[in-house]
Amino acid sequence: MWQLNNKRKEISLNSLWTLNRASENPNIHITTADTDAFPSPIAKILISRGMTTTNDIDSFFKPALENLHSPFLMDGMDTALGRIEKAIASGEHIRIYGDYDVDGTVTTAMLTRYLRRIGAQVDYYIPKRFTEFYGLSIETVEECYNDGISLLITVDTGVTAIEAIRYAHDLDIDVIVCDHHEPSDSLPNAFALLNPIKGTCSYPFKHLCACGVTFKLVQALCERRGEPEVAYEYLDLVAIASTADMVPLIGENRTLVHFGLQQMNIKPLPGLKGLMECTNIKPGTIASSTIVYNLAPLINAAGRMGDAERAVELMLTEDPLQAFRLAQDLESKNYRRRVIDDKTFTEAQRMAEDLIARENRRSLVLHHPDWHVGVINIVASRLVEKYHLPTIMLTSIDNIAKGSARSIKNFDVHAALKKCQKYLRQFGGHKYAAGLSLEEANVKPLRDEFDRIARSMLSEEMLVPEVVIDSELNFHELSPEFLTLLRQFAPFGYGNNKPCFLTQNILLSGRASIVGKNHLRLRARQDNIVFEAIGFNLGDKLELCNAGEPLSIVYTIEEILHHQRVSLQLYIKDIALTKEQPLRTKLVMDEMATVLANAATEDIVNGHGIVGNGGGSGYSINGAVETLPVS
């Protein structure tokens with residue numbers, strides 16, 4: 001049994017490898033009407049990700065703006081449009097209230113840009129992370145009243161602001177909520193509430209970020225005004241928010257991000273261009289990973305270090321010089337944030353290991369009154385990555401503990417906090433991430449209750465990190481044609497990770513070595529084909545690699561551009577002796593069974609496989625489907 005080793009002073013984790021498998025037939029392949037058969041590993045990736053029909057594969061490889069859902073399918077859209085159009089026509093003062101993260105600030109900028117474009121009198125407000133708690137407050141509503149605001153639009157917040165929105169109603173301020181967070185048992189009395197996951201909304205796609213929800217509002221306004229194509233000018237901002245907020249890059253999100261990245265690479269906003277210049281990113285090279293690792297941290301740094309409105313200013317400016325100066329300021333803030341982040345992580349790590357060693361915890365609830373409020377959610381994520389336990393990080397502001405929760409697969413942290421709400425002042429978020437505040441005296445009761453819930457829901461096996469493998473791969477299969485198809489799986493992100501491969505029985509060419517802090521570098525060889533490889537934070541595997549025995553590696557494939565030349569490098573996620581590899585297989589059979597049943601009904605099974613029955617380019621998935629035991 002692969003499990004957490006919590007008896008050592010330095011806690012370490014072993015991983016379980018799960019190979020998604022649809023068929024043992026090595027000849028499984030997918031063909032189209034106009035191409036040769038796809039390579040077997042590509043077919044296996046598609047099937048392992050549930051793409052088994054012509055329409056699935058077409059929409060995945062060929063995203064199209066015309067396939068976006070109508071914004072008018074979202075409950076409350078007509079009501080929201082009518083109120084905004086009335087406010088514009090009568091010259092009312094509109095205020096946009098956003099959150100201080102990337103999704104909140106970018107969404108605030110997008111809606112401000114568009115409403116100003118169509119003649120609205122609009123300003124915006126982002127709360128201060130250090131002095132204000134998350135979400136719309138009664139104090140903020142009162143400030144809106146004093147400023148003569150008659151229409152307040154909340155973005156990336158508001159769905160749980162029941163008291164504040166009731167107070168706004170009493171003051172004759174209409175509130176439109178554009179949110180994507182989990183609603184509470186009751187909904188606020190908003191003039192209109194746009195949220196695809198609320199119970200009364202039949203919008204087909206449920207995974208939009210706040211910027212995606214607000215984009216649907218912009219799209220509806222554009223369509224109502226007879227200029228639908230104008231909405232697409234804002235897809236660059238939607239791509240940033242969607243990628244940074246870790247919503248699944250599937251379905252409609254995949255389309256929005258695909259075309260948003262195109263726009264960023266061709267004609268970036270001055271603010272985005274300023275960020276690119278500060279981070280030495282050239283136009284034409286931006287991918288989803290560029291947003292996650294280069295652009296989003298700088299945008300987030302504004303809110304983390306206390307002034308999120310600087311990020312909104314950056315996205316609003318049309319002056320290239322001002323954009324560059326604002327971007328430089330964010331870069332400086334991000335540098336300071338990283339220093340504080342590392343210090344806080346070191347302190348939190350000591351506390352976590354003490355808790356795990358003494359009490360064998362299934363969760364971590366850590367509190368220090370002096371931790372920087374701007375970094376605790378990042379540190380919470382780092383602790384989850386290191387210990388694979390649901391984690392809450394808390395600091396204090398005016399004797400109120402405030403913080404962030406992050407979770408692991410199969411543990412709904414929002415639902416867990418709901419069970420703990422007797423200890424909380426406020427909470428809100430998603431299945432895997434949430435924010436909360438509570439009295440300092442309630443930290444210990446929360447720690448114990450949260451751990452009791454975690455123990456009831458998490459088995460020993462669920463505490464073992466899982467590396468999901470899309471397909472086995474031999475080095476000789478890494479052809480130019482294969483790499484061309486692999487690129488078409490982008491944009492990558494949550495819900496559409498880079499395909500992960502398993503190669504067994506490799507040997508090293510030379511010896512492995514440690515580079516940087518604790519990174520493993522080696523040259524992997526199979527059948528006289530050699531690839532450079534690096535394993536980040538896998539330095540503890542050095543002795544195993546240099547033992548001279550056949551190895552198995554789990555990895556993604558990266559294309560590295562250096563001096564105008566592209567070379568391949570394997571990014572190793574885990575490595576083991578082949579004879580000891582922690583591998584199990586998991587069948588992806590549900591979708592296949594459905595396809596087989598439908599195919600039989602339509603008489604399109606011909607004994608050699610499943611043949612797609614859709615339009616111009618049909619796909620076939622060939623190869624017998626067998627039921628495999630989980631090993």
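The values are calculated or read from the model by the stated rules, or taken from the named source; none is laboratory data. Computed from a predicted structure; not experimentally measured. Ideal geometry is used to build each Cβ from the backbone, glycine not excepted, and the neighbour counts take in all protein chains shown. Side chains included, ligands, DNA and RNA excluded: accessible areas come from the protein's heavy atoms. Shrake-Rupley method; radii C 1.70, N 1.55, O 1.52, S 1.80 Å.
Here are the numbers:
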item	result
Selection count, the range 88-117, where residues are open to solvent by less than 20 Å² (accessible area, probe 1.4 Å), farther than 24 Å from Ser437 by Cα and in a loop (DSSP other than H, G, I, E, B)	0
Test: residue in the range 474-493 that is under 22 Å from Ser15 (Cβ atoms), in contact with an Asp or Glu (Cβ under 6 Å, 6 or more places away or on another chain) and outside any helix (DSSP H, G or I)	no
Filter pass, Leu330 being surrounded by 18 or more Cβ atoms within 10 Å (Cβ to Cβ) and either polar (S, T, N, Q) or in a helix (DSSP H, G or I) (or both)	yes
The lone exception for Leu355 - which of (1) of a type outside the set (Gly, Ala, Ser); (2) under 23 Å from the mean Cα position of the chain (by Cα); (3) within 20 Å of Ala416 (Cβ to Cβ) it fails	(2)
Matching entry among Glu233, Glu229, Glu223 (being more than 27 Å from Asp319 (Cβ to Cβ) and open to solvent by 10 Å² or more (accessible area, probe 1.4 Å))	Glu223
Single unsatisfied condition, Ser23 versus (1) within 22 Å of Asn496 (Cα to Cα); (2) in contact with a Gly (Cβ under 6 Å, 6 or more places away or on another chain); (3) at pLDDT 95 or above	(3)
Test: residue in the range 593-609 that is open to solvent by less than 80 Å² (accessible area, probe 1.4 Å), modelled with pLDDT of 65 or more and assigned to a strand (DSSP E or B)	no
Some residue of the range 307-315 being of a type outside the set (D, E, K, R), under 15 Å from Lys386 (Cβ atoms) and either assigned to a helix (DSSP H, G or I) or open to solvent by 70 Å² or more (accessible area, probe 1.4 Å) (or both)	no
Inter-residue pairs, beta-carbon under 7 Å, first farther than 21 Å from Arg117 by Cα and in the range 234-246, second part of a loop (DSSP other than H, G, I, E, B) and open to solvent by 10 Å² or more (accessible area, probe 1.4 Å), 6+ apart	Met246/Tyr494
Test result for Phe427, among the aromatic types (Phe, Trp, Tyr), touching a Lys or Arg at 6+ places or on another chain (Cβ under 9 Å), buried (at least 20 other Cβ atoms within 10 Å of the Cβ) and at pLDDT 95 or above	no
Filtered residue count, the range 199-224, keeping only those that are touching a Ser or Thr at 6+ places or on another chain (Cβ under 7 Å) and part of a helix (DSSP H, G or I)	4
From Thr154, Thr79, Thr131, residue being farther than 24 Å from Ile240 by Cα, outside any loop (DSSP other than H, G, I, E, B) and among the β-branched types (Val, Ile, Thr)	Thr79
Residue list for the range 508-542, restricted to those being assigned to a helix (DSSP H, G or I) and either of a type in the set (Lys, Arg) or in contact with a Cys (Cβ under 8 Å, 6 or more places away or on another chain) (or both)	Lys541
Residues satisfying the stated conditions in the range 484-515, i.e. under 16 Å from Glu532 (Cα atoms), of a type in the set (A, V, I, L, M, F, W, C) and open to solvent by 20 Å² or more (accessible area, probe 1.4 Å)	Leu507, Leu508, Ile514, Val515
Hits in the range 460-473 (condition: in a strand (DSSP E or B) and among the aliphatic types (A, V, I, L, M))	Val467, Val468, Ile469
Qualifying residue in the range 266-279 (condition: of a type in the set (A, V, I, L, M) and open to solvent by 60 Å² or more (accessible area, probe 1.4 Å))	yes
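To keep it simple, each residue is scored yes or no on (1) in a loop (DSSP other than H, G, I, E, B); (2) more than 23 Å from the chain's Cα centre (by Cα).
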| residue | (1), (2) |
| --- | --- |
| Ser184 | yes, no |
| Gly226 | yes, yes |
| Ser242 | no, no |
| His258 | no, no |
| Leu261 | no, no |
| Asn265 | no, no |
